[in-house]
Amino acid sequence: MSDFTHFNEEGRARMVDISEKKETERTAIARTSIYVNEEIYHKITENKIKKGDVLAVGQVAGVMAAKKTSDWIPMCHPLPLTSIDISFAWNLGENTYELEIEAFVKTKGKTGVEMEALTAASATALTIYDMCKSIDKSMVIGQTYLKEKKGGKSGDYYREEMRNEHGSK
């Protein structure tokens, strides 16, 4: 069983020992989106949602979630995060209102921040849903994925569609 890093000798889950790993600067960017209807789009952009500024509250929720990732992802190590940023961009099409959410997380440590970035993006989308559900419960949270990560033993990672931007194969 010792070939599996997250299992102990009895075959039970354990948190990996990272005490011998080198401390490096590590970053991760995760992305998700939420599809809303036209009414919600206008109310968010005009700041007319009754619960408050949807993007501001979503941003704070994302930051808080990144900081608490190890509290609800069992094998994540608690990390001293040095930077967290949540950004938004509207992707508008014919009768399509997609709010793209990107979460950037940084640390200097012995393990990466991919889960913190994914958690931040997810919590942001869930918060936006919560703040707008009284208008329309049919909102759809889109695909959530790791866009890129830098640092650590395994090196840098760029999602396939991002590789050309960074000169990778």
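The values are calculated or read from the model by the stated rules, or taken from the named source; none is laboratory data. Predicted, not measured: the structure shown is a model, and the values here were computed from it. Because the Cβ atoms are built from the backbone with ideal geometry, glycine has one as well, and the counts that use them run over all protein chains shown. These accessible areas exclude ligands, DNA and RNA; they are computed on the full protein's heavy atoms, side chains included. Shrake-Rupley method; radii C 1.70, N 1.55, O 1.52, S 1.80 Å.
What ratio of Cα Rg to 2.2 N^0.38 Å holds for region 77-149? The partial results should precede the final answer.
Numbers: Rg = 14.3 Å, N = 73, 2.2 N^0.38 = 11.2 Å.
Cα-based Rg divided by the globular estimate yields 1.27.
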Amide H contacts of TYR97 (H built 1.01 Å from N, under 5 Å, at least 5 apart or other chain): VAL36
Sparsely packed GluC sites (Glu not before Pro) within region 3-90, loop by DSSP, other Cβ within 10 Å at most 14: GLU9, GLU10, GLU20, GLU23, GLU46
Packing-wise, with mean Cβ within 10 Å as the measure, how do 107-117, 47-57, 146-156 rank, highest first? 107-117, 146-156, 47-57
As a test of reading the structure, rank ASP17, ASP85 by solvent-accessible area (1.4 Å probe, protein chains only), most first. ASP17, ASP85
Determine which aspartates and glutamates satisfy two conditions relative to LYS106: a Cα distance under 14 Å, and not lying fewer than 8 residues away in the same chain. GLU23, GLU25, ASP85, GLU114, GLU116, GLU148, ASP156
Once fully extended, how much extra length lies between SER83 and MET64, figured as 0.36 nm per residue of separation less the alpha-carbon to alpha-carbon distance? 5.7 nm
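Students sometimes get this wrong: rank ILE86, ILE29 by accessible area, probe 1.4 Å, all chains present, largest first.
Numbers: ILE86 5, ILE29 25 Å².
From most accessible down to least: ILE29, ILE86.
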Post the alpha-carbon centroid distance, region 112-145 to region 10-59, in whole angstrom. 7 Å
Check the straight Cα-Cα distances from LYS137 and name the lysines below 16 Å, setting aside those fewer than 8 residues away within the same chain. LYS43, LYS50, LYS51
Working out 0.36 nm times the residue gap between MET15 and VAL140, then minus their Cα-Cα distance, what length gain in nm do you get to one decimal? 41.6 nm
Cα-based equivalent ellipsoid of the chain: semi-axis lengths in Å, sorted from largest, via gyration tensor: 33, 18, 14
Pairing the Cα long axis of helix 114-132 with the longest principal axis of the chain, what angle in degrees results, from 0 to 90 and rounded to the nearest 10? 20 degrees
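Kindly sort TYR41, TYR129 by accessible area of their heavy atoms, largest first, with the probe set to 1.4 Å.
Numbers: TYR41 40, TYR129 65 Å².
Putting TYR41, TYR129 in descending order of accessible area: TYR129, TYR41.
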In degrees, nearest 10, the alpha-carbon axis of helix 54-67 is tilted away from the dominant principal axis of the alpha carbons of the chain by 10 degrees
